[in-house]
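The values are calculated or read from the model by the stated rules, or taken from the named source; none is laboratory data. What you see is a predicted model, and the numbers here were worked out from it, not measured in a lab. Here Cβ is always computed from backbone atoms with ideal geometry, including for glycine, and neighbour counts include all displayed protein chains.
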Amino acid sequence: MGRRSGAGNRELPRWLNTVLVFGTVATVVVMEMRRPLRKEREDKLKRDLRNVAFSLIAAATVGLAEKPVTGPLALAVQKRDLGLLKLVRLPVWAEVILSVILLDYTLYIWHFLTHKVPLLWRFHRPHHVDLDLDASTALRFHFGELLLSVPWRAAQVRLIGVSPLALSLWQTLTLMEIMFHHSNIRLPFRQERRLCRVIVTPRMHGIHHSVVDNETDSNWSTIFSWPDYLHRTIRLNVPQQAITIGVAGYQDPAQLTFGRVIEMPFVPQVRAAAPGREPLPIPRSTLAS
């Protein structure tokens, strides 16, 4: 018999989602101003306006292309007891927690694919060519990448067996976390060294945005950091001031206007050898300041 009623059928209350998201935005912006982690290379106002424009297009794309698919699908999954987590009768709270963990893990896989599949990298690269890294970068995704992710998101919901409540909670937590780990916040070093064992932090994700290939090819996690530890893709030993943010071949701000970044997936790629780095004196899994 299907689960045609219950807490799992309801999404996270809109007021709570609003408080969590805008509370995160306000906190991150204030902390970036007070305790910046990295020096900025571009004019912040121009970057912020450009990234806000990207975020508006991204939000419209999600609203028009993803939510009409994943929302009804999650409700159908819940009512018909479809998916992996519906094989066992779990309390709502346990099912929601496991859903968030599995959604986060399968997003790790998707993120890996966006770097390794040439077509997906064309559309993910506009996120990486930003020459600075802060909370605004978290919202800078090409609409084409979001369109390409819809079948993957639908597969996540269907195969895992994700309820509307779990899906909405995961989406909110993901948005909060990506704003946090993309942020330019200098956390107390000892605190971040402990924190990055559990969740993705600004120093950890800053390494992923390096122009050095074997640094970009690390730290693919989104909320929880355990997938990187599990797959040995964790890298924490690069000092932040030694990192050049961006993509090799796209280091000139003139290449990165709004129009040029929008058309970037559809035009020939600029090919340039990525710089290397001398071996570092501390292990990969040890956080550097």
Among the residues of region 54-110, which ones are of a type in the set (Gly, Ala, Ser) and either buried (at least 18 other Cβ atoms within 10 Å of the Cβ) or under 24 Å from HIS124 (Cβ atoms) (or both)?
-> SER55, ALA58, ALA59, ALA60, GLY63, ALA65, ALA74, GLY83, SER99
For region 176-227, which residues satisfy the criterion of being among the hydrophobic types (A, V, I, L, M, F, W, C) and either over 23 Å from LEU131 (Cβ atoms) or at pLDDT below 95 (or both)?
-> MET176, PHE189, LEU195, CYS196, VAL198, ILE199, ILE223, PHE224, TRP226
PRO283: in a loop (DSSP other than H, G, I, E, B) and farther than 26 Å from PHE54 by Cα, yes or no?
-> yes
For region 20-37, what are the residues that are under 20 Å from the mean Cα position of the chain (by Cα) and free of Cβ contacts under 8 Å to residues at least 12 places away in the same chain?
-> PHE22, GLY23, ALA26, THR27
Selection within region 71-86 - assigned to a helix (DSSP H, G or I), in contact (Cβ under 8 Å) with a residue 60 or more places away in the chain and under 17 Å from ALA155 (Cβ atoms) = GLY71, LEU73, ALA74, LEU75, VAL77, GLN78, ARG80, LEU84, LEU85, LYS86
Of the conditions (1) in contact with a helix residue (DSSP H, G or I) (Cβ under 6 Å, 6 or more places away or on another chain); (2) over 21 Å from TRP110 (Cβ atoms); (3) not aromatic (Phe, Trp, Tyr), ARG194 clears all except one; give me its number.
-> (1)
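Here's the yes/no breakdown for (1) assigned to a loop (DSSP other than H, G, I, E, B); (2) of a type in the set (Ser, Thr, Tyr):
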position: ARG193; (1), (2): no, no
position: SER218; (1), (2): yes, yes
position: LEU236; (1), (2): yes, no
position: ILE262; (1), (2): no, no
position: ALA273; (1), (2): yes, no
position: GLY276; (1), (2): yes, no
position: PRO279; (1), (2): yes, no
Looking at (1) modelled with pLDDT of 95 or more; (2) outside any helix (DSSP H, G or I), which is the only condition ALA26 fails?
-> (2)
Evaluation of GLY206 against (1) surrounded by fewer than 22 Cβ atoms within 10 Å (Cβ to Cβ); (2) in a helix (DSSP H, G or I); (3) not hydroxyl-bearing (Ser, Thr, Tyr) (one fails), failing number | (1)
Report whether or not LEU139 is at pLDDT 95 or above and closer than 30 Å to VAL30 by Cα.
-> no
Which residue pairs have Cβ atoms closer than 8 Å, lie 6 or more positions apart in sequence or on different chains, and pair a first residue in region 91-113 that is free of Cβ contacts under 8 Å to residues at least 24 places away in the same chain with a second residue that is outside any helix (DSSP H, G or I)?
-> LEU98/LEU90
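Matching residues to (1) within 28 Å of SER55 (Cα to Cα); (2) aromatic (Phe, Trp, Tyr); (3) out of contact with any helix residue (DSSP H, G or I) (no Cβ under 9 Å at 6 or more places or on another chain):
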residue	(1), (2), (3)
MET179	yes, no, no
VAL200	yes, no, no
ARG203	yes, no, no
ILE207	yes, no, no
ASP228	yes, no, no
ALA254	yes, no, no
PHE258	yes, yes, no
ARG271	yes, no, yes
ALA288	no, no, no
How many of the residues in region 239-282 are within 23 Å of GLU192 (Cβ to Cβ) and either among the hydroxyl-bearing types (Ser, Thr, Tyr) or exposed (fewer than 10 other Cβ atoms within 10 Å of the Cβ) (or both)?
-> 2
